[in-house]
Amino acid sequence: MPSDQIAKVTHVSHEAWTREGLAIIVVGASGDLAKKKTYPSLLSLYIDALLPPDVVIYGYARSNMTDEQLRDKLRPYLSAKVKDDKVLNDFLGRCFYQSGSGYGDVDGWERLNSKLTKIEEEDKVNDGIEKANRLFYFAM
């Protein structure tokens, strides 16, 4: 786990999903629902060790921004949930962003797919993770 402040949940540690890769794609990541509800909820799951240790969270939306700009936009909403800067920074370090010209932008989705495939391949080589899962959440 990334921090000593992360809760140690033992009742799920034996379950297979804890040893699998997970990419969560938040569609509509630049909107109010995502920053006020979706990301804070994901942070709670992260703190309670209810996400795999190698989870990555990719926001996808039409707004043009960088990973760091997304993190800066989320920080005020997340810092209200956790006072430990290390935990917050660990979580935000797992948050990335991909923009597209629209939600039907095939090129934008292909760029995101390429990034996720690369992460999944690295996890397989570096961490021995055999199975990669993708969860799409529509924050729209």
Note down the nm distance, to one decimal, between modelled labels 7 Å out along Cα→Cβ at Val12 and at Lys86. 2.3
Within the chain, helix-based [θ] at 222 nm, where runs of 4 or more DSSP H residues each add -39,500 (n - 2.57), nearest 500: -12000 deg cm²/dmol
With point charges of +1 on the Cβ of Lys and Arg and -1 on the Cβ of Asp and Glu, referenced to the Cα centre of region 7-128, which listed residue (Tyr97, Val82, Ile119) lies farthest in the positive direction of the dipole? Val82
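Bear in mind that the values in this text are calculations on the coordinates, not laboratory data. Bear in mind that the values here come from a model prediction, so they are computed numbers and not experimental data. Note: ideal-geometry Cβ built from the backbone for every residue, glycine included; neighbour counts use all protein chains shown.
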